[in-house]
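One structure below.
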Amino acid sequence: MKDQPELKIYEVPVADLVPYAKNAKEHSAAQVDTIAASIEEFGNCDPIAVWHNAKGEPEIVEGHGRLLALKKLGHEVAPVIYLDHLSDAQRRAYTHIHNQTTLNSDFDYEVLLPELDELSTEAGINFDDFGFELDDGGEVEELSDDYSQNVGSVTYEPKD
């Protein structure tokens, strides 16, 4: 196992953050809206990971959707962690691996649905604002397999 770097959170101007040009993860307007809603409800609890590129700019390794949400909300600074311990190839690989690992799971609906129903009453949270679907009675429905397996994913078409 590699030595783990010491991670400290820094506040960096949003305008200084440079998106990674080869980030393949797509962020729909609806997804950015749900990220923004989460930030508004709970605060920005997830730092953006950056790496200093050859120009010395803080280039995003992971957190492109959070940056879009922060911009939408008018935030001028973002919490970041630096991953400068990674080589260029490692940080490029980590960008794609991080994106994929966020898609590699599903929910245990027997646990999730009662919890969300309870929290919607107890905490007054409208989970529909965060991408969960509600039925006519206001209860959270199980997401369809198509949605849970394909949201935010990129589909590659083989070339002949």
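The values are calculated or read from the model by the stated rules, or taken from the named source; none is laboratory data. Nothing here was measured: the structure is a model prediction, and the numbers come from that model. Using ideal geometry, Cβ is built from the backbone for each residue, glycine included, and neighbour counts are taken over all protein chains shown. Surface accessibility is based on the protein's heavy atoms, side chains included, excluding ligands, DNA and RNA. Shrake-Rupley method; radii C 1.70, N 1.55, O 1.52, S 1.80 Å.
Need the failing condition index for Ala29 against (1) in contact (Cβ under 8 Å) with a residue 24 or more places away in the chain; (2) more than 22 Å from Val77 (Cβ to Cβ), just the number.
(1)
With the condition kept exactly as written, say whether any residue in the stretch 13-20 is closer than 30 Å to Phe132 by Cα, touching a residue at least 60 places away in the same chain (Cβ under 8 Å) and surrounded by fewer than 15 Cβ atoms within 10 Å (Cβ to Cβ).
No, the stretch 13-20 contains no residue that is closer than 30 Å to Phe132 by Cα, touching a residue at least 60 places away in the same chain (Cβ under 8 Å) and surrounded by fewer than 15 Cβ atoms within 10 Å (Cβ to Cβ).
Here is a yes/no grid of residues against (1) modelled with pLDDT under 95; (2) open to solvent by 30 Å² or more (accessible area, probe 1.4 Å); (3) closer than 19 Å to Thr101 by Cβ:
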| position | (1), (2), (3) |
| --- | --- |
| Ser28 | yes, yes, no |
| Ala54 | yes, yes, no |
| Arg66 | no, yes, yes |
| Leu70 | no, no, no |
| Leu73 | no, yes, no |
| Val77 | no, yes, no |
| Ile81 | no, no, yes |
